[in-house]
Amino acid sequence: MSETNPLLQKWQLPPWSAVRAEHLVPAIDKIVANNQLIIENVIATQIHHPNWDDLVIAVDGADARLNETMSVIEFLSVKHADDPDWLLQSALSSIAARRYKAARSGNPALFEACQRLAKSSIAANFSASRKASLKKNMRAYQLAGCELPTAQREKLAQLNNEIDLQEKLFLHNLDAASAAWSKHIDDVALLAGLAPDMQAHLAANAKQAGLSGWRLTLDQNTYQHIMTRAQNRGLREEYFKAYCTRASDQGPEAGRFDNGPVLEKLLASRHEKGRLLGFDNFAQLRLHNRMATSTDQVNEFLRRQIALNAATLARETEDLHGMARGHGIKQVEAWDHDFLAEQLRLQQLVGGLTDLRQYFALDATLRSLCRFCEHLFGIRITENTQNECLYEDVRLFEVSEHGQAVGFIYIDPFHREAGADFAWTGVLRNRRINAEGRPSLPIASLQTNFTAASAGHPDLLSHQDLRVLLHEFGHCLHHVLTRSPHYNLSSISHLSRDVAEFAGQLFEHWALSGEFLRWMATHHETGERLSEVQAETAVSALGVQRSRETAMLLMSALVDFELHRCHGDGRSVLRVVEDIQSEFEHLQIPAYCRFANSCDYLATGYEASMYAYKWSGVLASEAFTRFAREGVFNEQTGRDLRETLFSGDKQSMPDALEAFLGQPIDRELFVALPE
C-alpha cells in the first residue's frame, strides 16, 4: 500500500483525484508510526545535548507531514460527505492523528529537551526569529500540560477530549437544525425585490428537492438576500425567526438539536481547563499570546468601541424609522432593519447606478484583484490550469517572485452543501526550511462560500461579497508571502487571532476606496466603468447604516468574551446573553432569539477571541491611513507593508505596525474612555 498510496508520496500539490477511502487509515497509521520513531530518536539523542536541526526541525518535519495529510483528508471529506465508507475512514484517521498529537504535544521529554536547548550557549547566538520559534514551542508544551503532575495531565487530556466532542456536537446540531427547515414558495410575488439570479437559484433549489416554484433554505447567503432585499415583510419575519432560533428551544424547530445544554457543558469544560493550567478562566488562557495584557483590557476595549459607536447608532436608528414610515411600517422590528438600511443606501445612489453587482462579475474581479496584488507587492500571480483541483470550478493560482514560485492559492468561490456556511481561509501547507536548506512552499485555500449563479446568469458579486473576497485574499497573501523558515511562525493558522485577522481587515479597506472601486468595477455586459462621481457616490452610500453592523460585531464579541470570562458566576448562558443584549436597545433583538446557540465561532477556534476582529480592525484602520495618504496603489507603500507585516512573525504586531507607519501607535485606541 505504501508504494501506491498517494497520501504517502511526496507532492508539491495535493493529489486530489487519486485519493480513495481505503488510502486514509493506512496513510495516517504509517505516518503516525514513522513520527513516533522520529520522536523516540529525538528524545534519545537530544535530551542531553540538543541542537536546532536534530530537535526543532526534526519534530517540525514530523508535524508537517501529518498535518498536511490530514488537511488534504479534511478537504476531501467535504466532497465525499455522502459516502459512508469515506466518512468512517476519515473519522478513524482523525482519531488516530488526534491521539498522536495529544501525546506529542504533551511529551515531557521533548519539553525538557527544548528547555535545555533554550538555556544552552548555542541558543544565545540564535537569531531573533529562531528564539521566537523556540519560545513558542516551549509555551505550547506548557499549555499542553507538560509541567503538570501525571494525574493532572491525564485530567487535561480528558478535558480536551470532552471539549473536542462538545464542539463537534455543537456544529452537528447547527448543521442539522439548518437543514431541517425550508420554505416552499409557489408565488413569485413573495420574492419581489430579490435579484433575478437569486430567484433562479431558489428555483434550482426547489427543482433539486423535486418541487416546482422556489425553495428557501437556512444558509448565510440566502439569509443576507432575504433580509436586505425581500419586500414582503411577512416573509422576512418568518425567515428571521427560523434563522435566529436555529439549534435552540425556540422557533419552528424548537427543542430539536438544542445547543443550549451542549454550550453549557462546553463552557464548563473550557473553564476547568483554564483553571487546571493556572489561569482564572478560559478567556485569560486565550490571552496568553495576544496583544491584550488582561481580560479587563479586552472588556474595556470593547466597551470603548461600543461607546464610540453609540451616537451614530442612535442617529441611524432614527433615519431607519424615517424610512420605515415611507414604507408604511408603523413599528420597526428586527426583520426590518437590514431591508430598510438597504433602501437608505440605494436612495443615496445617483447617476443611473442602481446595482453595484452588475460591475463585479466574479471572473473579471478575480483577474483585477490578482493584477492589483502583483502591482502592490511586486509579485506574479498566474493561474495554473495544468494541475487538478478538488472541484471543476475551483481555481489554482501560483504566486511567484523573480521567476520562482513562493506559494500557491486555491480559490473555491462557491458554497458546498456539506461545507461550512461561512467564508474562510484554509491552510494546506506551511512554509518551512528543512535541515538541508530546502523549502516547502506554502499552500492556502480560499473558500468564499458564494451562491453559484444558475444557468443563464453570470456570477455577480455584491459589494459585501467583494469585501469577503478581499478579506480572505488578504489572509491567503499573508500566508504565502511569508519569508519565515520556521514551521510555527510561517502560517496564519499559527498566529494569534488578533494578528491573523489583520490582513483580512486591512484588505477590506480597499473595497471602501472610491479610487479602487473605479479602477476595479467594470459592467459585466457593457464594459463600462464607474465614473468618478459614481464611485464616490457608491462609497458614500456604502457607508450609510453601518453602525448596526458594528454594534452586532461588538455585541457578539462581548457575549463570546463574557461567556468565557465570567463562567461560574451563577448566570446561565441565556442570562449572560440577555444581559449583554439589553445594553444594545437599538438592535431590537427579540426575546426568542438564541444568538449563542447558532454562533459557530464558539466552536471553530474563535472562542474568547471574537473581539480580535475589532481589535485587528482598529490596527488595520491605522495601517490604511498610510495608503490613504500616499495612494491606494502606491507601490512603495505596498512593498513596505509586505516587508514589515507580511514577511513573517519576526517582531510583535504593534512594533511591526509602528515600523510601517513610521510613528508610534496611539495607545489610547486600546484603553477605556474616561468616565
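Some values worked out for this structure:
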item: Failed item in (1) surrounded by fewer than 21 Cβ atoms within 10 Å (Cβ to Cβ); (2) closer than 21 Å to Glu342 by Cβ, with Leu191 passing the rest; result: (1)
item: Residue list for region 506-559, restricted to those being of a type in the set (D, E, K, R) and closer than 30 Å to Gln305 by Cβ; result: Glu508, Glu515, Glu536, Arg546, Arg548, Glu549
item: Tally of residues being buried (at least 16 other Cβ atoms within 10 Å of the Cβ) and under 28 Å from the mean Cα position of the chain (by Cα) across region 309-335; result: 4
item: Close pairs (8 angstrom Cβ cut-off, 6 or more residues apart or separate chains): over 21 Å from Asp63 (Cα atoms) and touching a residue at least 60 places away in the same chain (Cβ under 8 Å) in region 474-499, in a helix (DSSP H, G or I) and β-branched (Val, Ile, Thr) anywhere; result: His478/Ile492
item: Residue among Ser582, Ser540, Ser572 that alone is of a type in the set (Ser, Thr, Tyr), in contact (Cβ under 8 Å) with a residue 40 or more places away in the chain, surrounded by fewer than 22 Cβ atoms within 10 Å (Cβ to Cβ) and within 25 Å of Val262 (Cβ to Cβ); result: Ser572
item: Failed item in (1) surrounded by fewer than 21 Cβ atoms within 10 Å (Cβ to Cβ); (2) of a type in the set (D, E, K, R); (3) under 24 Å from Ile57 (Cα atoms), with Arg432 passing the rest; result: (1)
item: Lone qualifier among Phe339, Phe377 - being at pLDDT 95 or above, under 29 Å from the mean Cα position of the chain (by Cα), over 30 Å from Arg642 (Cα atoms) and hydrophobic (A, V, I, L, M, F, W, C); result: Phe339
item: Residue list for region 176-206, restricted to those being modelled with pLDDT under 95 and among the charged types (D, E, K, R); result: Asp197
item: Whichever residue in region 655-675 is surrounded by 16 or more Cβ atoms within 10 Å (Cβ to Cβ) and of a type outside the set (A, V, I, L, M) and, among such residues, is modelled with the highest pLDDT; result: Phe660
item: Subset of region 204-223 [among the polar types (S, T, N, Q) and in contact with a Ser or Thr (Cβ under 8 Å, 6 or more places away or on another chain)]; result: Asn205, Thr217, Asn221, Thr222
item: Test result for Asn34, within 30 Å of Trp86 (Cβ to Cβ), surrounded by fewer than 16 Cβ atoms within 10 Å (Cβ to Cβ), within 34 Å of the chain's Cα centre (by Cα) and of a type outside the set (Gly, Ala, Ser); result: yes
item: Residues of region 110-148 that turn out to be surrounded by fewer than 16 Cβ atoms within 10 Å (Cβ to Cβ), out of contact with any His (no Cβ under 9 Å at 6 or more places or on another chain), over 17 Å from His288 (Cα atoms) and touching a residue at least 24 places away in the same chain (Cβ under 8 Å), as a count; result: 2
item: Single condition Ile589 does not satisfy, out of (1) part of a loop (DSSP other than H, G, I, E, B); (2) within 15 Å of Arg286 (Cβ to Cβ); result: (2)
item: Failed item in (1) closer than 25 Å to Lys10 by Cα; (2) surrounded by fewer than 21 Cβ atoms within 10 Å (Cβ to Cβ), with Ser454 passing the rest; result: (1)
item: Failed item, numbered, when Glu154 is tested on (1) surrounded by 17 or more Cβ atoms within 10 Å (Cβ to Cβ); (2) free of Cβ contacts under 8 Å to residues at least 12 places away in the same chain; (3) acidic (Asp, Glu); result: (1)
item: Residues of region 441-490 that turn out to be more than 13 Å from the chain's Cα centre (by Cα), over 21 Å from Asn430 (Cβ atoms) and assigned to a helix (DSSP H, G or I), as a count; result: 5
item: Residue list for region 380-408, filter: surrounded by fewer than 20 Cβ atoms within 10 Å (Cβ to Cβ), in contact (Cβ under 8 Å) with a residue 24 or more places away in the chain and closer than 17 Å to Arg483 by Cβ; result: Ala405, Val406
item: Pair list, Cβ < 9 Å and 6+ apart or interchain, from region 95-109 residues that are in contact (Cβ under 8 Å) with a residue 24 or more places away in the chain and within 16 Å of Glu147 (Cβ to Cβ) to residues that are surrounded by fewer than 18 Cβ atoms within 10 Å (Cβ to Cβ) and acidic (Asp, Glu); result: Pro108/Glu147
item: Criterion: crowded, with 17+ Cβ neighbours inside 10 Å and in contact with a Pro (Cβ under 9 Å, 6 or more places away or on another chain) - qualifying residue of Ala177, Ala242; result: Ala242
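Okay, residues lined up against (1) out of contact with any helix residue (DSSP H, G or I) (no Cβ under 7 Å at 6 or more places or on another chain); (2) closer than 28 Å to Gly514 by Cβ; (3) surrounded by fewer than 17 Cβ atoms within 10 Å (Cβ to Cβ):
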{"position": "Ala620", "(1), (2), (3)": "no, yes, no"}
{"position": "Thr625", "(1), (2), (3)": "yes, yes, yes"}
{"position": "Phe633", "(1), (2), (3)": "no, yes, yes"}
{"position": "Thr644", "(1), (2), (3)": "no, yes, no"}
{"position": "Gly648", "(1), (2), (3)": "no, no, no"}
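The values are calculated or read from the model by the stated rules, or taken from the named source; none is laboratory data. Owing to the predicted nature of the structure, the values given are computational and were not obtained by experimental measurement. Reconstructed Cβ throughout: ideal geometry from the backbone, glycine too, with neighbour counts over all protein chains shown.
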